[in-house]
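Scroll down for the structure; my scribbles are underneath it.
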Amino acid sequence: WVETLAPYIQHIHLNDCDGVSDSHLALGCGVLNIPEFFELLKRYNINTPLLIEVKGIDNQKKSLHYLRNHGILEKTL
């Protein structure tokens, strides 16, 4: 879907899920391949605001930690 919608994507809400429902899990705690998603964003030159849409401050921290550990987010941020 990224390839098809790339010209129209202006904002992204991202969370992980259990593969069944939109459970708003912390990044890396579900079934989605988050690094591959970010590679698709690079491949199709999608540079838009991204909101990490998870439940609670602990899951926000887990998500940031995941992004840093996978080289997706610079450690200085």
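The values are calculated or read from the model by the stated rules, or taken from the named source; none is laboratory data. Quantities reported herein were computed from a predicted structural model and do not represent experimental measurements. Backbone-built Cβ (ideal geometry, glycine too); neighbour counts: all protein chains shown. Side chains included, ligands, DNA and RNA excluded: accessible areas come from the protein's heavy atoms. Shrake-Rupley method; radii C 1.70, N 1.55, O 1.52, S 1.80 Å.
Can you name the number of the only condition in (1) modelled with pLDDT of 95 or more; (2) not in a loop (DSSP other than H, G, I, E, B) that E3 fails?
Tallying (1) modelled with pLDDT of 95 or more; (2) not in a loop (DSSP other than H, G, I, E, B), E3 fails exactly one: (1).
Of all residues in the stretch 1-19 being open to solvent by 40 Å² or more (accessible area, probe 1.4 Å) and within 20 Å of G56 (Cβ to Cβ), which is nearest to the chain's Cα centre (by Cα)?
H13
Given (1) part of a loop (DSSP other than H, G, I, E, B); (2) touching a Lys or Arg at 6+ places or on another chain (Cβ under 7 Å), identify the lone condition not met by N47.
(2)
Could you list, in sequence order, the residues of the stretch 58-77 that are open to solvent by 100 Å² or more (accessible area, probe 1.4 Å) and either among the hydrophobic types (A, V, I, L, M, F, W, C) or on the phi > 0 side of the Ramachandran plot (or both)?
L77
Just checking, does the stretch 18-33 include any residue being of a type in the set (A, V, I, L, M) and either at positive phi or part of a helix (DSSP H, G or I) (or both)?
Within the stretch 18-33 (the criterion being of a type in the set (A, V, I, L, M) and either at positive phi or part of a helix (DSSP H, G or I) (or both)), the answer is no, since none of the residues qualifies.
Can you find a residue in the stretch 24-42 that is at pLDDT 95 or above, closer than 19 Å to W1 by Cα, open to solvent by 60 Å² or more (accessible area, probe 1.4 Å) and polar (S, T, N, Q)?
Yes, some residue in the stretch 24-42 is at pLDDT 95 or above, closer than 19 Å to W1 by Cα, open to solvent by 60 Å² or more (accessible area, probe 1.4 Å) and polar (S, T, N, Q).
Please determine, by comparing only the residues of the stretch 44-57 that are touching a residue at least 24 places away in the same chain (Cβ under 8 Å) and not hydrophobic (A, V, I, L, M, F, W, C), which one is nearest to V2 (Cα to Cα). Give the derivation first.
Applying the first criterion (touching a residue at least 24 places away in the same chain (Cβ under 8 Å)) to the stretch 44-57 yields 44-46, 48-55.
When the remaining residues are screened for being not hydrophobic (A, V, I, L, M, F, W, C), the result is 44-45, 48-49, 53, 55.
Values: Y44: 8, N45: 11, T48: 13, P49: 15, E53: 18, K55: 25 Å.
By that ranking, first place goes to Y44.
Looking at the stretch 61-77, can you tell me whether even one residue there is part of a helix (DSSP H, G or I) and aromatic (F, W, Y)?
Among the residues of the stretch 61-77, at least one is part of a helix (DSSP H, G or I) and aromatic (F, W, Y), which makes the answer yes.
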